[in-house]
Amino acid sequence: MKTIFAKSVPGRGACQVDSADAPAAAHMLPAGLLRIHPPLLPRCSELDVVRHFTGLSQRNYSVDANFYPLGSCTMKYSPKFTEYVASLPGFARLHPLLARLERGEACAQGALQCLYEAERWLCEITGMEAFTLQPMAGANGEFTGVSFMAAYHRAKGRKRAKILIPDSAHGTNPASAALAGFEIISIESRDGMIDPDVLSAVIAEHGDDVAGLMMTCPNTLGLMELHLPRIVAELHGADALLYYDGANMNAIMGKMRVGDAGFDVVHLNLHKTFATPHGGGGPGSGPVGVTARLAPFLPAPRVAVRENGSFYLDDNLPQSIGAMTPFYGNFGVVLKALAYMLRLGGDGLARVAEYAVLNANYLKKRLEDVLDVPFDKLCAHEFVASAPEGLRALDIAKALLERGFHAPTVYFPLIVRECLMAEPTETESRETLDAYVEALREIVAQGKADPRALAEAPRNLPVRRLDETAAARRMVLTEDMG
Amino acid sequence: MPFIPHTPQELREMLAVVGVRSLDDLFADIPPDMRPKHFNLPKGQSEAAVCAMFEKLAAKNRPGMTSFLGAGFYAHHIPKAVDALAGRSEFYTAYTPYQSECSQGTLQAVFEFQTAVSRLLEMDCANASVYDGGTALFEGAMMAVRATRRRALVVDEAVNPVWRAMLATYCAGLQLTIKTIPQKNGMSRSEALSAAVNEDCAAVIVQNPNFFGVVADYAGVFAAARENGAFGIISVYPVMQAVLKTPGEMGADVAVAEGQSLGQPLSFGGPWLGLMSCRKEHTRQLPGRIVGRTTDDDSNTGYVLTLQAREQHIRRAKATSNICSNQALCALRALIHLSLLGPDGLVRQAEHGMALARFAAGRLTALRGVELLNDAPFGNEVAMRLPKDAEGLVAGLMDRGCVPGYPVGRHYPGMENVLLLACTEANSRNQIELLAEELGDML
């Protein structure tokens with residue numbers, strides 16, 4: 001499909017702005033401060049633009065149109081009413097600085113109340129003392145969380161330079177810790193679990209320099225960490241902190257609260273667990289919760305409530321790490337998550353975990369004779385499998401696309417051979433899961449009979465397999481670089 | 001059960017397939033002492049009840065006042081087609097385009113977004129966006145730190161204090177020094193900025209128009225940076241960029257922006273998007289997602305995520321950044337917005353704001369004791385010195401239903417009497433007349 005720039009026609013336009021009763025810029029600013037050529041943006045009619053983007057949208061898979069069992073990403077149905085909530089003009093048109101003006105708080109009481117209540121809900125769900133809604137995505141939350149860990153040790157008058165990260169962790173964990181200035185020590189897993197003996201040895205070696213451990217639980221193999229109590233004891237014994245990567249919160253809501261289980265910091269992905277749509281890659285929102293001893297370090301300002309019930313922004317936080325976000329985080333996303341939580345209530349949130357885990361175990365059981373499923377035990381909300389001997393995970397993924405299903409995550413985690421990692425989520429029906437199983441059965445049978453046919457999938461999408469090597473080598477990143 | 005499709009019979013049959021008796025048996029691996037101490041949350045409510053509750057909360061806010069509040073974040077009209085198109089759920093409910101064959105819509109849109117940003121700023125390339133203007137500024141600084149292996153940043157004090165505060169937070173663990181060059185009466189001091197660049201300096205960071213609305217040419221500062229082997233980084237307001245000398249022409253290495261003004265509602269602070277662009281030789285330092293054009297098995301054009309070897313999922317602790325996703329939907333909104341406005345629409349928006357700001361400056365400085373903070377050229381935002389404390393006057397005017405602008409004293413001690421007033425096409429001459437009348441009353 002041609003780009004919107006290729007569709008531009010000189011002299012055409014959509015007339016979106018009134019012809020201003022204004023002189024040209026050249027009459028208002030000295031020539032040396034002006035641009036020479038107007039920007040080469042598209043000149044299109046409104047219908048040109050509407051057809052173009054409608055056409056593009058039809059070249060996408062999405063949760064609303066396709067089963068999307070992308071493991072470790074939680075692509076569940078995002079209810080429509082939350083869009084309405086976030087678009088209410090009282091929220092959408094609110095300038096964030098309004099609340100910062102003297103007497104401005106009175107103009108934003110509804111918005112401040114939403115932030116306050118969202119924090120209280122997240123505290124109760126995770127068993128944490130306090131939350132910040134500032135982080136703008138999961139990885140931004142990780143950075144915030146490890147910054148609290150640094151601040152905690154600094155406040156105790158010591159610099160601890162190292163953070164322990166299991167080899168099965170999301171790649172963002174080490175990247176976030178490095179960005180905050182930490183050195184990473186990778187912990188090798190055994191049988192898909194953190195090995196507490198390995199952990200003990202590492203802590204014995206580096207103890208005084210270990211700031212903490214970042215872990216995902218259930219882990220990226222879809223398994224509960226069985227040695228959790230010992231891991232907590234090891235870390236706290238060294239006065240180091242435990243960070244919980246909440247990407248997999250959908251598996252445990254109402255069944256385990258990470259604060260009660262001994263974790264000190266947790267980030268949540270509102271776009272995963274709380275069903276705010278991810279828009280093709282963002283926006284997200286990555287609130288971070290902490291236990292009482294880390295609460296003084298939360299970013300400023302914090303929303304607080306006075307005795308008379310009015311809300312205000314508290315800047316009097318001498319130990320705060322500073323500002324992660326220009327204002328109060330991705331407010332529009334937080335609103336959607338709060339609306340979702342209110343709709344479901346406590347029972348509903350616990351049910352989410354129950355049915356997400358049920359669907360994953362059902363799918364896993366039904367695939368045991370189709371794929372190689374390595375762990376013969378209950379999984380959490382996702383599970384890993386390997387492509388059968390002789391078949392490639394990538395070919396299976398593309399063959400699924402050809403049949404109208406989004407592929408599971410492939411080649412992650414790296415520690416599993418020809419890995420396919422599926423997460424069906426609670427919002428999918430049994431028919432959908434069964435249809436997916438049948439599609440995989442057919443694909444595997446076809447692949448065993450004729451591997452070359454499988455390598456040609458997908459044949460019915462806007463493009464066939466794309467040359468990624470050429471893309472990186474030739475580097476055409478804009479229309480003008482071609 | 002909201003959003004869960006299982007019938008009681010399906011539940012029984014599925015539990016039997018899994019081989020457990022109850023839903024709770026699925027959680028047998030969580031030891032009893034790790035179970036929640038409590039889970040005290042209210043019961044769920046109907047959709048109607050939740051909507052009604054939020055309608056009530058939204059009504060407690062007062063976004064509808066006549067407002068000249070800007071300070072880097074502006075109320076612009078968003079064409080309704082932006083909501084209609086970006087709201088198509090094929091865009092809305094997709095994920096990061098890991099499977100390119102079924103994500104060509106998102107991927108091509110990002111490629112077009114990269115093109116639009118590069119052309120607007122006259123830079124060589126752009127990434128798929130980052131969280132906001134502040135993270136864009138920080139990530140730009142990190143590009144310079146990595147490329148030059150130097151650890152000092154020279155920052156103009158007239159860069160938005162919101163972003164300077166974020167920069168300080170993000171750099172806290174990194175043993176970087178940030179040297180801030182004081183502004184004078186709201187004007188950036190180009191000579192002092194140039195003089196501060198030495199062989200330890202990774203980058204010099206400026207903003208155009210600066211926080212006080214002042215427009216300048218930083219070509220000299222960037223030339224000084226280049227001579228000393230440092231990066232020139234500039235943050236811009238994308239709407240004014242329709243008419244202002246571009247970062248590319250000034251010789252910037254990295255240009256960043258808050259993209260909120262391009263089709264994003266103010267939404268009390270987010271979600272917005274950070275624009276990042278750079279010169280070609282720095283492409284591999286550019287963090288975050290990038291989309292490239294390529295061909296498929298049949299030689300048809302297509303788009304993929306590219307240069308992934310820089311990213312966290314491959315490089316882990318050695319990645320160019322921890323950024324994992326982008327603000328894809330916000331970037332899509334910006335692209336649609338720019339496509340609908342076209343070059344003429346964007347120029348008109350810029351000129352309209354500038355003309356109104358001049359009109360406001362004229363009307364308000366006619367009041368006794370009100371004067372412009374400086375005589376420098378300005379864009380759609382202008383700083384004025386008032387005969388009284390600006391905080392108090394703003395509060396007083398708010399009681400009369402008008403927000404006259406932002407009092408800058410809280411960020412710049414000694415400037416307690418200074419008001420920053422912004423205009424966009426959402427304002428009118430009539431509003432300015434009323435503001436002048438009310439302000440005149442109070443002085």
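The values are calculated or read from the model by the stated rules, or taken from the named source; none is laboratory data. Quick caveat, the model's predicted, so the values are computed rather than measured. With ideal geometry, Cβ positions are generated from the backbone for all residues, glycine too; neighbour counts draw on all protein chains shown. All accessible areas refer to the heavy atoms of the entire protein, side chains included, with ligands and DNA or RNA removed. Shrake-Rupley method; radii C 1.70, N 1.55, O 1.52, S 1.80 Å.
Is it fair to say B:Ala331 is open to solvent by less than 10 Å² (accessible area, probe 1.4 Å), of a type in the set (A, V, I, L, M, F, W, C) and more than 7 Å from chain A (Cβ to nearest Cβ)? First the steps, then the outcome.
Numbers: open to solvent by less than 10 Å² (accessible area, probe 1.4 Å): yes; of a type in the set (A, V, I, L, M, F, W, C): yes; more than 7 Å from chain A (Cβ to nearest Cβ): yes.
The answer is yes for B:Ala331.
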Of the conditions (1) facing chain B (nearest Cβ under 8 Å); (2) modelled with pLDDT of 95 or more, A:Ala6 fails just one. Which one is it? (1)
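Criterion first (in contact (Cβ under 8 Å) with a residue 40 or more places away in the chain and either within 20 Å of A:Gly254 (Cα to Cα) or open to solvent by 10 Å² or more (accessible area, probe 1.4 Å) (or both)) does A:Phe311 satisfy it? So that I can check it myself, show each step before the final result.
Details: in contact (Cβ under 8 Å) with a residue 40 or more places away in the chain: yes; either within 20 Å of A:Gly254 (Cα to Cα) or open to solvent by 10 Å² or more (accessible area, probe 1.4 Å) (or both): yes.
Yes; evaluated as a whole, the condition is true for this residue.
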Hey, any hits in the range A:113-130 for a residue that's at the interface with chain B (Cβ under 10 Å from one of its Cβ atoms), surrounded by fewer than 24 Cβ atoms within 10 Å (Cβ to Cβ) and more than 21 Å from A:Gly332 (Cα to Cα)? yes
Of (1) open to solvent by 20 Å² or more (accessible area, probe 1.4 Å); (2) in the same structural domain as A:Leu179 (by TED's automatic domain parsing); (3) farther than 26 Å from B:Arg410 by Cβ, A:Asp376 fails just (2)
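Test of understanding: among B:Glu47, B:Glu101, which residue is at the interface with chain A (Cβ under 7 Å from one of its Cβ atoms) and surrounded by 23 or more Cβ atoms within 10 Å (Cβ to Cβ)? Before the answer, list the steps.
Values: B:Glu47 fails: surrounded by 23 or more Cβ atoms within 10 Å (Cβ to Cβ).
From the options B:Glu47, B:Glu101, the qualifying one is B:Glu101.
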Against the definition (buried (at least 24 other Cβ atoms within 10 Å of the Cβ), at the interface with chain A (Cβ under 7 Å from one of its Cβ atoms), outside any loop (DSSP other than H, G, I, E, B) and among the β-branched types (Val, Ile, Thr)), how does B:Val304 come out, yes or no? yes
Those residues that are open to solvent by 30 Å² or more (accessible area, probe 1.4 Å) and assigned to a helix (DSSP H, G or I), I need them from the range B:388-404; list them, please. B:Glu391, B:Gly392, B:Asp399
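Results for (1) surrounded by 20 or more Cβ atoms within 10 Å (Cβ to Cβ); (2) within 14 Å of chain A (Cβ to nearest Cβ), shown as yes or no for each residue.
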residue: B:Thr148; (1), (2): no, no
residue: B:Leu153; (1), (2): yes, no
residue: B:Ala158; (1), (2): yes, no
residue: B:Ala165; (1), (2): no, yes
residue: B:Ala172; (1), (2): no, yes
residue: B:Gln175; (1), (2): no, yes
residue: B:Pro182; (1), (2): no, no
residue: B:Arg189; (1), (2): no, no
residue: B:Ala195; (1), (2): no, no
So, in the range B:16-30, how many residues would count as being facing chain A (nearest Cβ under 7 Å) and touching a helix residue (DSSP H, G or I) at 6+ places or on another chain (Cβ under 8 Å)? 5
Do we find a residue being over 30 Å from B:Asp83 (Cβ atoms), at pLDDT below 95, out of contact with any Gly (no Cβ under 9 Å at 6 or more places or on another chain) and open to solvent by 10 Å² or more (accessible area, probe 1.4 Å) anywhere in the range B:268-284? yes
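Tell me the helices (runs of 4 or more DSSP H) entirely within the range A:428-482 that contain at least 2 residues that are within 10 Å of another protein chain (Cβ to nearest Cβ) and in contact (Cβ under 8 Å) with a residue 60 or more places away in the chain.
Working: elements: A:430-449, A:451-455, A:468-474.
Here the list reads A:430-449.
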Of everything in the range A:69-104, what is farther than 19 Å from B:Ala58 by Cα, more than 7 Å from every other protein chain (Cβ to nearest Cβ) and hydroxyl-bearing (Ser, Thr, Tyr)? Give them in sequence order. A:Ser72, A:Thr74
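With the condition kept exactly as written, say whether any residue in the range B:104-117 is assigned by TED's automatic domain parsing to the domain that holds B:Gly269 and open to solvent by 40 Å² or more (accessible area, probe 1.4 Å).
Of the range B:104-117, the ones assigned by TED's automatic domain parsing to the domain that holds B:Gly269 are B:104-117.
Imposing the further condition that a residue be open to solvent by 40 Å² or more (accessible area, probe 1.4 Å) reduces the set to none.
No: zero hits.
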In the range A:266-288, is there at least one residue being surrounded by fewer than 23 Cβ atoms within 10 Å (Cβ to Cβ) and at pLDDT 95 or above? no
In the list A:Leu358, A:Leu313, which residue meets the criterion of being touching a helix residue (DSSP H, G or I) at 6+ places or on another chain (Cβ under 7 Å), in the same structural domain as A:Ser429 (by TED's automatic domain parsing) and of a type outside the set (Lys, Arg)? A:Leu358
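Among the residues of the range A:381-418 satisfying the criterion of being charged (D, E, K, R) and at pLDDT 95 or above, which is nearest to A:Lys255 (Cα to Cα)? Full working, then the answer.
Filtering the range A:381-418 for residues charged (D, E, K, R) gives A:382, A:389, A:392, A:395, A:398, A:402-403, A:417-418.
Subsequent filtering for residues that are at pLDDT 95 or above retains A:382, A:392, A:395, A:398, A:402-403, A:418.
Working: A:Glu382: 16, A:Arg392: 36, A:Asp395: 37, A:Lys398: 36, A:Glu402: 38, A:Arg403: 36, A:Glu418: 32 Å.
Per the criteria, the residue is A:Glu382.
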The one condition B:Gly362 fails out of (1) free of Cβ contacts under 8 Å to residues at least 12 places away in the same chain; (2) assigned to a loop (DSSP other than H, G, I, E, B); (3) within 30 Å of A:Met28 (Cα to Cα) is (2)
Report yes if A:Val384 is in contact with a Cys (Cβ under 7 Å, 6 or more places away or on another chain), outside any loop (DSSP other than H, G, I, E, B) and more than 14 Å from chain B (Cβ to nearest Cβ), otherwise no. yes
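Among the listed residues A:Leu420, A:Leu344, which satisfies the condition of being free of Cβ contacts under 8 Å to residues at least 12 places away in the same chain and buried (at least 23 other Cβ atoms within 10 Å of the Cβ)?
On the way: A:Leu420 fails: free of Cβ contacts under 8 Å to residues at least 12 places away in the same chain.
After applying the criteria, what remains is A:Leu344.
Among what's in the range B:219-235 and is among the aliphatic types (A, V, I, L, M) and open to solvent by less than 10 Å² (accessible area, probe 1.4 Å), pick the residue that is nearest to B:Ala152 (Cα to Cα).
B:Ala230
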Within the set of pairs 6 or more residues apart or between chains, which connect a residue that is more than 20 Å from B:Leu107 (Cα to Cα) and assigned by TED's automatic domain parsing to the domain that holds B:Gly263 inside the range B:300-327 to a residue that is part of a loop (DSSP other than H, G, I, E, B) and among the hydrophobic types (A, V, I, L, M, F, W, C) with Cβ atoms less than 8 Å apart? B:Thr320/B:Leu286
Pick from the range B:250-301 the residues that are facing another protein chain (nearest Cβ under 7 Å) and among the acidic types (Asp, Glu): which of them is nearest to B:Ala126 (Cα to Cα)? B:Asp296
